[in-house]
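Structure first, commentary second.
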Amino acid sequence: MREDTLVDGLWRLPAGDRRLLKWVIVIALFSLGLGLLCGALTAFRRAGFFTLHPGLGYTLLSLHGVTIFFYWLYFIQAGLVLMLAAVYTKGVGRLVGRPLAWLALACMVAGFALSELTLFMNVPLLYDGNPRLVVGDATIPGLFYLGYVITNIGLFLVGAVSIMTTLAPKFAGSVEPWSTVTFATVAWAGLLIVSAMAGFNVFLPPMLWAFGLGPPIVDYGMQWHVLFHNMHYLPLMATVIVWYVLIEVMTGVRSIFGTQFSKIVFASYLIFVPPTFLYHMFLDPNLSEPVKVIGSLLSLFIAVPTVLVYLIITSSLESYARARGGTGLFGWMRLLPWRNPAMTAVALAVLNLAIGGSLSFVLIQGKLAPLLSDTFFVPGYFHFLTLGTVTLTFIALLLYVIPGITGNPIWRPQLLNRLPYVITLGLLIFGSAGVLAGYTGVPRRVFDVGYGGEAPDWWELMMVLVGIGAAIMSVGLATYLYGLVRMLLGRRYAPAPEPSAMPVVDLGAAELGHHPAWVGPLSVLVLIVAMSVFTIIGFELMQSVPLTATGGGHAH
Amino acid sequence: MRPPHLTTRLGFITFCGFGVVALYGLWAIYGAVPTSLRAQKPLMPGGAMEMGVRDAMDSHMPVEEFQRLVKEFVDTHMLADGSVSPALPERAATNILGAYIGEPVDVFMTARQYNYWPSVLRLERNVPYRFRIMAVDTDHGASIQFKGAAYMIRAPVDHMVEKVLLFKEPGEYPIYCTVYCGLGHDLMKGKIVVE
């Protein structure tokens, strides 16, 4: 009988910890629902399914960005990092400093409310809150920035409580070695703290300026992009940690490459992520040409940790499955628990990451920035990552966490098992149309892409496809939300053994590593080919433009 | 004891993990990155070779001064239909085929909520124009549309961006703002007519 750290550990948590986690998840799901609603309305408006006053359109777009990019991702990360710290740290079995965690949640909720409400009371600033857009009395924008600042205080406390929890056994004298998951959780919590500090750095000065307590903001863009970059990769790192956890839960498979190697890979996020933020700024005239070249070169390494974790998981799975009799290049995958909705969600999250990741690599090349940077290519590819990869993975973990802390059964597992396909189908339509639109120059953040009949006809057609894709994605995600809320708010509270609706397999085997494991390396090869194809399209389009552009100087 | 298969060795998957770096080779083929320690001239739109970053015209030009230059530019070159057509130098240097080979012709343009000024430019093909663009109220962008692809420039507020652009084919090329600049962002557009 293999160990079930997650399922058993969740139920062994003190009732107070489970109550806290439940509330964090309730608020996270509320923010996901609100963000989904605003995102769907934004896409439908863009597709021309209905009309809206432009101001309301930009308010919806701002709400979507603020709610999903900041609050859904921060709340759910808060809940999951606290949970993993308490459950996976040997010898602790609870949260250390729970009152601080409640304080953190209170700060984040207050920040959430302030950020959202102020969006209705002023010219929408989008999620990045560029202070240069503030006109007239700056008090309301000041409250918007205050919301972000308070949220970051909460985020800082979440990171601190998680690290305190992982360190508690060591301080108590019972020195327990950290598991890979605990180690990765500490790295995750550390990056949350770094993100919170970067958040103070970005939002505190404009808040003080808006309240008349500080000077005008001169270089907002650079500070914002440091935070923005961190916020990109933090959820991605969390995603691969969750894959690591779930694969062990669902199959009993652990890395065949050893704990030490996994720890090094998770730690490498701290090395590879921070220096690569420059690629968000390739169109910024402040950046000299040599810096752009260096930025492109550094960015090549951004995917290394994620690809390595993927390889560790896939090659370990294949190795275990072959030792258990799995055959064929892909046939061994039949041994995986495909009736488990979490397994399906993780598998499609991997696929979506491959698609989104290969598209994103077009944008790390500075020479292609003038072609694509501010076009619909960007939302076209990043929804594969935010929804198709990160959100789908977090939901997969919630399918264990919610029954684990409430004792409620899984809601309609067969239906849940189909939702990742629905969401991926929607993403494929949304993403293909969006990326194609971007390649052909459709700007992002514009509601009337027809430009009064001046723009090519196919632009509007692309946006209709984007709207259809968004509708399919929304149906899938809304069904997930309904199921998760049903599971969360039920009132059973009975001990939750491993739910039979979430079938697992035990691939534990005695002799590992002697069989080939080709799927991981081959899929990396496919990824490189896909990246190359998308990049070639970019270069060829760039060269087809009947324009010669040189120089890039600027002055203050 | 059988040795582990190649694909399950640590060194092999580490090597594969760094595989994405292979994209460098493709970039090098397109001349987008240096391929040796010697200085390279990377490929630019239209297959032209970049001539290097030009120095900014004036490192401390205030917005008011720039707007005065734009007004002077517009007043000097405005046509009857309201469009602006910067004239080539009277004694423009040409090669034996009659193509312009002189210094780039100056073009001044402001980006502001929610238009470009001048909003319609009439230019000649195969003539280099030195665009000097400044956003005067909030950040803006300028995406020149070529019906199938676009070329984008970002214009942060109070910075003068300088680009030398040479249009190789005649046509009407709309300009759309690509940086959200307020509620009228959708409406912000201009046009370049190349004759």
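The values are calculated or read from the model by the stated rules, or taken from the named source; none is laboratory data. All values derive from a computational prediction rather than experimental measurement. Note that we place each Cβ from the backbone using ideal geometry, even for glycine, and neighbour counts take in every protein chain shown.
Residues checked against (1) touching a helix residue (DSSP H, G or I) at 6+ places or on another chain (Cβ under 8 Å); (2) in contact (Cβ under 8 Å) with a residue 24 or more places away in the chain; (3) under 19 Å from A:PHE69 (Cβ atoms):
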residue	(1), (2), (3)
A:PHE144	yes, yes, yes
A:GLY154	yes, yes, yes
A:VAL175	yes, no, no
A:VAL181	yes, yes, no
A:GLY190	yes, yes, no
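Being under 24 Å from B:CYS16 (Cα atoms) and over 24 Å from the mean Cα position of the chain (by Cα): is that true of A:ALA354 here? Break it down into steps so the answer makes sense when it comes.
Values: under 24 Å from B:CYS16 (Cα atoms): yes; over 24 Å from the mean Cα position of the chain (by Cα): no.
Taking the combined requirement at face value, the residue does not satisfy it.
Is it the case that the range A:70-84 has a residue that's surrounded by fewer than 23 Cβ atoms within 10 Å (Cβ to Cβ) and either charged (D, E, K, R) or out of contact with any strand residue (DSSP E or B) (no Cβ under 8 Å at 6 or more places or on another chain) (or both)? No, the range A:70-84 contains no residue that is surrounded by fewer than 23 Cβ atoms within 10 Å (Cβ to Cβ) and either charged (D, E, K, R) or out of contact with any strand residue (DSSP E or B) (no Cβ under 8 Å at 6 or more places or on another chain) (or both).
When A:HIS232 is tested against (1) in a helix (DSSP H, G or I); (2) at pLDDT 95 or above, exactly one condition is not met: (2). Just one residue in the set A:PHE361, A:PHE376, A:PHE394, A:PHE382 is over 16 Å from A:PHE534 (Cα atoms) and of a type in the set (Phe, Trp, Tyr); that residue is A:PHE394.
Helices (runs of 4 or more DSSP H) fully within the range A:289-388 that include at least 1 residues being surrounded by fewer than 23 Cβ atoms within 10 Å (Cβ to Cβ) and without any contact (Cβ under 8 Å) to a residue 12 or more places away in the chain: A:289-299. Annotation note: of A:LEU308, A:LEU283, the sole residue that is under 28 Å from A:ARG334 (Cα atoms) and within 7 Å of chain B (Cβ to nearest Cβ) is A:LEU308.
Taking the criterion of being part of a loop (DSSP other than H, G, I, E, B) and without any contact (Cβ under 8 Å) to a residue 12 or more places away in the chain, the residues of the range A:112-142 that qualify are A:GLY136, A:ASP137.
All of A:GLY508, A:GLY513 fail the test of being surrounded by fewer than 17 Cβ atoms within 10 Å (Cβ to Cβ), closer than 24 Å to A:MET343 by Cα, at pLDDT below 95 and more than 27 Å from the chain's Cα centre (by Cα), apart from A:GLY508. Would you check if A:SER432 is away from every other protein chain (no Cβ under 14 Å) and over 30 Å from A:ILE402 (Cα atoms)? Against the criterion (away from every other protein chain (no Cβ under 14 Å) and over 30 Å from A:ILE402 (Cα atoms)), A:SER432 qualifies. Of all the listed residues (A:VAL194, A:VAL109, A:VAL202), the sole one being of a type in the set (Val, Ile, Thr), part of a helix (DSSP H, G or I), buried (at least 22 other Cβ atoms within 10 Å of the Cβ) and assigned by TED's automatic domain parsing to the domain that holds A:TRP72 is A:VAL202. For B:LEU121, the conditions (1) in a strand (DSSP E or B); (2) at pLDDT below 95 are fulfilled apart from (2). Scanning the range B:171-195 for residues that are closer than 15 Å to B:VAL120 by Cβ and either surrounded by fewer than 20 Cβ atoms within 10 Å (Cβ to Cβ) or more than 7 Å from chain A (Cβ to nearest Cβ) (or both) yields a total of 12.
For the range B:1-34, the tally of residues that are β-branched (Val, Ile, Thr) and in a loop (DSSP other than H, G, I, E, B) stands at 1. Only one of (1) of a type in the set (D, E, K, R); (2) crowded, with 24+ Cβ neighbours inside 10 Å; (3) modelled with pLDDT of 95 or more fails for A:ARG98. Which number is that? Exception for A:ARG98: condition (2). The lone criterion from (1) among the aromatic types (Phe, Trp, Tyr); (2) more than 24 Å from A:TRP224 (Cα to Cα); (3) in contact (Cβ under 8 Å) with a residue 60 or more places away in the chain; (4) part of a helix (DSSP H, G or I) left unmet by A:PHE49 is number (4). Taken across the range B:37-44, residues that are at pLDDT 80 or above and either more than 7 Å from chain A (Cβ to nearest Cβ) or out of contact with any Pro (no Cβ under 7 Å at 6 or more places or on another chain) (or both) do not occur at all.
Going through A:TYR451, A:TYR400 one at a time, which residue ends up being without any contact (Cβ under 8 Å) to a residue 24 or more places away in the chain and of a type outside the set (Gly, Ala, Ser)?
Only one candidate passes the filter, namely A:TYR451.
The number of residues in the range A:274-288 that are assigned to a helix (DSSP H, G or I) and touching a Ser or Thr at 6+ places or on another chain (Cβ under 7 Å) comes to 2.
Put simply, of B:GLU72, B:GLU103 the only residue that is at pLDDT below 95 and of a type in the set (Asp, Glu) is B:GLU103. The condition (being out of contact with any strand residue (DSSP E or B) (no Cβ under 6 Å at 6 or more places or on another chain) and under 25 Å from A:TYR482 (Cα atoms)) is satisfied by just one residue among A:VAL96, A:VAL26, A:VAL92: A:VAL26. Across the range A:482-505, the number of residues qualifying as at pLDDT 70 or above and surrounded by fewer than 16 Cβ atoms within 10 Å (Cβ to Cβ) comes to 5. The single condition among (1) surrounded by 18 or more Cβ atoms within 10 Å (Cβ to Cβ); (2) under 22 Å from A:LEU353 (Cα atoms) that A:PHE282 does not satisfy is (2). Just for the range B:142-162: of the residues that are touching a residue at least 40 places away in the same chain (Cβ under 8 Å) and out of contact with any helix residue (DSSP H, G or I) (no Cβ under 8 Å at 6 or more places or on another chain), which one is nearest to the other protein chains (Cβ to nearest Cβ)? Across the range B:142-162, the extreme among qualifying residues is B:GLU162.
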